[in-house]
Amino acid sequence: MQLPNTPPLNRLERALATRCGWVCLAIVVVSAALRIAYFAELSAGPCLWQHRARETDMAFFDEWARLIADGDWLTDRSLHPDHIWYRQIAEAYFQAYPDRRAAWERAPDGTVRDPAEALWDHWYDGKCFHQEPLYPYLIAATYRVFGPDVRWVFAWQMALGVCTNLLIYLIARRYFGELAAVVAITLAVFCGPLLFFDLVLLRTTPTVFAALALVYLTGTVLARDRWPWWLLLGLCGGTTLLLQSSFVLFGCAVLGALGWRRRRQPILLARHVGALVLGAVLALAPAIARNVAVGVRSLALSSVAPIVFVAGNLADSDPMYGFQVNAARAARIMAATDGRFGATVRTTLRTHTSGLSYVRQLLGKLYAAGHWYEQPNNANFYYYRLHAMTLRLTVVTFAGVVGLGVVGAVLLLLQRRAAWPLLAMLLTTLVPMLLFYVLARFRTPLLATLLPLAGYTAVRAADWLLQRRFGHAAAVLAGVAALSFVSLQPLPPGKPLITAFDYNAPYAAYYGPLEQRARDAGDWQQAADILRSSLRYEPPEVRAFGPARRAADEHEMELVRLYMAVYQRLADDLAHAGQPAAAAVAEERARALTAAAQ
């Protein structure tokens, strides 16, 4: 640990060192208070129920967990989502190869089946886990104990969020000192993206916690350096593989560091590597046993890698748009490779005209990974902010951290500081996005890992300024400013902050079912009130649509169709509720949107 050299910062460092317990208490209290306030705000609207939107991974996690909780503890079935884009690829496949449809319509026993579902079950290797199983099994355990209510899942995710903040403080304190830890935790507590994912039914919050826990535990194991501690690290590392298999990259880094550390002590090296591997195997044993029992590859933890590689690496894939699929090209590639990962990778990369084309795409992903925009998928950070003042008050975002964090990583490398677990986790969270694609849910672990480094940079810059080492301070600040400038570049023309899907999902998952229940009960006034309350979040551009301002692209057309249907439904509710004047206003708005759609 490198302490500040100037007396004011040194005094502050020593004062904070005696108050670690109070700082930890403050972290827990403030972090918990913000999460309770956030939960209370979202409880009054659609955001807690986004998992009911069928076209989401959240809906699939909920369905999978319910099946497990109901008794299918092995997931002894082919279980994969049935999203629209799956159907589009399957239809493109059958259009390209019409003679193959009949083969997929009949099961080996002669029964008729859905050919698209059968095709995807084949590409996904049947009973192979769709994604790593730990998160749905945790949800299932929660449902089994407390009932199938996602709010109990959100309760332990919020608890993990509080623990994540504690880990950020402890990691920064271990490697960079008290002041850097306080700066890092201040950024973390008021970091909107970290708070956002605590109330989303995705494995982002557990993944962030797991990443930081591995970093902290690795530092502890290196300090204790006995085989029981290496066994514990192996157990925890193996468990994280059941959450995100990309953590294998961190495991490789640990093995490499251990090999270098014990390169002249082969017996001790063998003992510690053996303990590490044994721990990982013990953690993976339940998944291996399940796979053997249901008849799939023993180490298979996920089946989605081929298609997501296609989605992120076709020559025409735009890194700034995250997950996107060209159905026709994806169908041809999956047909040619039969869904085998190695063959899919090679075939996908051949869509690039040159190595330079692929390098440009990788650089585009690196730019997208550092951009301020929280690329939505399943849930939209900016839509949730419309519903939660707490989320708007947590003003720290990726753009405010990336410059400080990356410069901190460079400083560590230049000074050869012994914080390699943090840098290894930085690469572990970045590399999968470069290999596949960039989404906010994938980038949040990277954001959390950057926070201790951001605290280090801020303290080093302040220390150099107080020492009048203006050259060093200027270089750091220039680097931070340059990276922040790149991060803050505007979105591509036509790319919306909140997509049409993000406005549509709350109607499918929340407002629509609520309004229908009111209708079924004959309470037309309540039905109208539900739709009126939803229109508080109507996007501003929709209010401008009409005969003189028509939808200009597919995004605007989807918004027009959505709100045209909402206003037509509202007019009907108001008419039945005995409010003809209000119904006429809503009907007129629906007609204006109809004109905008033509």
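Suppose the filter is open to solvent by less than 40 Å² (accessible area, probe 1.4 Å) and more than 21 Å from Glu63 (Cα to Cα); does Tyr86 pass it? Criteria not met by Tyr86.
Among residues of the stretch 481-509 that are more than 21 Å from Arg385 (Cβ to Cβ) and outside any loop (DSSP other than H, G, I, E, B), those with a Cβ under 6 angstrom from a residue that is β-branched (Val, Ile, Thr) and open to solvent by 40 Å² or more (accessible area, probe 1.4 Å), sequence gap 6+ or separate chain, pair up as Leu483/Val406. When the stretch 423-459 is filtered for residues that are open to solvent by 10 Å² or more (accessible area, probe 1.4 Å), touching a residue at least 60 places away in the same chain (Cβ under 8 Å) and either under 30 Å from Pro7 (Cα atoms) or of a type in the set (Asp, Glu) (or both), the ones remaining, listed by number, are Ala458, Val459. Taken together, the criteria place Ile333 among residues that are more than 22 Å from Glu55 (Cα to Cα), of a type outside the set (Gly, Ala, Ser) and out of contact with any His (no Cβ under 6 Å at 6 or more places or on another chain).
For the stretch 481-488, the criterion of being open to solvent by less than 40 Å² (accessible area, probe 1.4 Å) and within 24 Å of the chain's Cα centre (by Cα) is satisfied by at least one residue. Ser298 meets all of the listed conditions (1) assigned to a helix (DSSP H, G or I); (2) without any contact (Cβ under 8 Å) to a residue 12 or more places away in the chain but one, namely (1). Among residues of the stretch 349-368 being of a type in the set (Val, Ile, Thr) and surrounded by fewer than 14 Cβ atoms within 10 Å (Cβ to Cβ), the one that is modelled with the highest pLDDT is Val359. Looking at Arg264, Arg290, just one residue is farther than 19 Å from Ala424 by Cα and at pLDDT below 95, and that residue is Arg264. Residue check: is Gly342 open to solvent by less than 40 Å² (accessible area, probe 1.4 Å) and without any contact (Cβ under 8 Å) to a residue 12 or more places away in the chain? It is true that Gly342 is open to solvent by less than 40 Å² (accessible area, probe 1.4 Å) and without any contact (Cβ under 8 Å) to a residue 12 or more places away in the chain. Take the conditions (1) closer than 23 Å to Ala583 by Cα; (2) in contact with a helix residue (DSSP H, G or I) (Cβ under 6 Å, 6 or more places away or on another chain); (3) surrounded by fewer than 19 Cβ atoms within 10 Å (Cβ to Cβ); (4) at pLDDT 95 or above; Leu535 misses just one of them, which is (2). Applying the criterion of being open to solvent by less than 50 Å² (accessible area, probe 1.4 Å), of a type outside the set (Gly, Ala, Ser) and modelled with pLDDT of 95 or more to the residues of the stretch 89-114, the residue that is farthest from Ala285 (Cα to Cα) is Phe94.
The values are calculated or read from the model by the stated rules, or taken from the named source; none is laboratory data. Bear in mind the structure is a predicted one, so any value in this text is a computation, not a measurement. With ideal geometry, Cβ positions are generated from the backbone for all residues, glycine too; neighbour counts draw on all protein chains shown. Remember, those area values only see protein heavy atoms, side chains included, never the ligands or the DNA or RNA. Shrake-Rupley method; radii C 1.70, N 1.55, O 1.52, S 1.80 Å.
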